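Note sheet for the following structure.
FYI, it's all coordinate maths here, none of it is from the lab. Everything numeric here is computed off the predicted structure, so don't read it as measured data. Cβ coordinates were reconstructed from backbone atoms using ideal geometry, including for glycine residues, and neighbour counts include every protein chain displayed.
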Amino acid sequence: MVGSTMTLSEQMAALDRLVKRIDEISSLPDIAMRVIEVVSSPDSAVADLRLIVESDPALVARILRTANSSAYGLSTRVDSIHRAIALLGFNAVKDLAITASIAQIFKDKTNIGTYNRASLWKHLVCVAVASRMIASRSGIQEFDEAYMCGLLHDIGIVLMDQHNHKGFLEVVAALSVDEPTLVTERRILGFDHTQLGSEVSQRWGFPTSVLQTIKYHHDTSRCDAEVRPIAQAVEVANFFCTKKNITAMGLMNVPAPAGETFAALSIGRNELKVLFQDLDAELEKSRDLYEI
């Protein structure tokens, strides 16, 4: 039964069954869940993150390899998490930790039509970097949250790929530049990746800013007022990266954000042009992050 012939209750039941199946096996690595928990808590300290990261030697190795790459341009070699925090700062290491802990689920490079998981990973990292840049320049006080929100905004796509692969293949085969991906997903599955990602993330205890960004990054007017600026930064970042052909599903079919979104972020025509140009340099500096 395709999504377009399902009743609303049947669509919600299909989504609920998939969410429960994913929740039972927990798709994200345990270390990633623990990193997300600690970086999301305002009460967490540097020592809390160090304790979690240092419990996983492979994660430590990935963080240190990236910290010593050209992305950070350090003249002194980083040989420990403590040293990384001292030289790069807590926020930079926090972003490195969450990126490195999630990266492993995207290592499958199998191509499916216009989609492959490695390209989705590059898209997520680039949107994360762009989200932080846009949020910072727009004067959003919590701009550091934008990185994690951007990194996780399309988590529903990889969950579809992993846990509803047959349906996902049908979606990929039907993708078109003439139809937004969300519409294709709903037509075939009865739900879309924003619904799936937000439902699963709620069960995993993700913070409100991440939940609402996952759910509404294609229509941020629906976000609660207190988290809307971060989600708007992600929406614009998603559009920018897609326009640069750094796409989630291999197609440039993401609609432009509403004019109100750009206005809320104080992005006028001149600022828009500068941001779009500056993003290239920012992404180039961050190349090692999506190769982590």
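So what is the relative contact order of the stretch 198-243, in percent, for Cα pairs below 8 Å that sit 6 or more residues apart?
On the way: 34 pairs, mean separation 14.0, N = 46.
Dividing the mean separation by the residue count of the stretch 198-243 yields 30 percent.
Could you check the spin-label model distance between Arg77 and Arg65? Points 7 Å from the Cα along Cα→Cβ, value in nm.
Between Arg77 and Arg65, the simple spin-label model gives 1.7 nm.
How large is the charge dipole for the stretch 12-165, taken about the Cα centre, if only the Cβ atoms of Lys, Arg (+1) and Asp, Glu (-1) carry charge, to the nearest 20 debye? Let's see the in-between values first.
Details: 16 positive and 17 negative charges, 119 e Å.
In total the dipole reaches around 580 debye.
Given a cut-off of 32 Å, name the pairs among Lys107/Lys273; Lys20/Lys122; Lys107/Lys215; Lys20/Lys244 whose C-alpha atoms lie farther apart than that in the structure shown.
Numbers: Lys107/Lys273 34 Å; Lys20/Lys122 28 Å; Lys107/Lys215 25 Å; Lys20/Lys244 36 Å.
Checking Cα-Cα distances, Lys107/Lys273; Lys20/Lys244 exceed 32 Å.
Straight-line reach from Lys243: which aspartates and glutamates have Cα under 17 Å away, leaving out those fewer than 8 places along the same chain?
Output for Lys243: Asp154, Asp178, Glu179, Glu235, Glu271, Asp278, Asp280, Glu282, Glu284.
What is the extension gain from Gln277 to Met252, computed as 0.36 nm multiplied by their sequence separation minus the C-alpha to C-alpha distance, in nm to one decimal? Provide the component values of the computation, followed by the final result.
Values: separation 25, 0.36 × 25 = 9.00 nm, distance 1.83 nm.
Taking Gln277 through Met252 to full extension adds about 7.2 nm, to one decimal.
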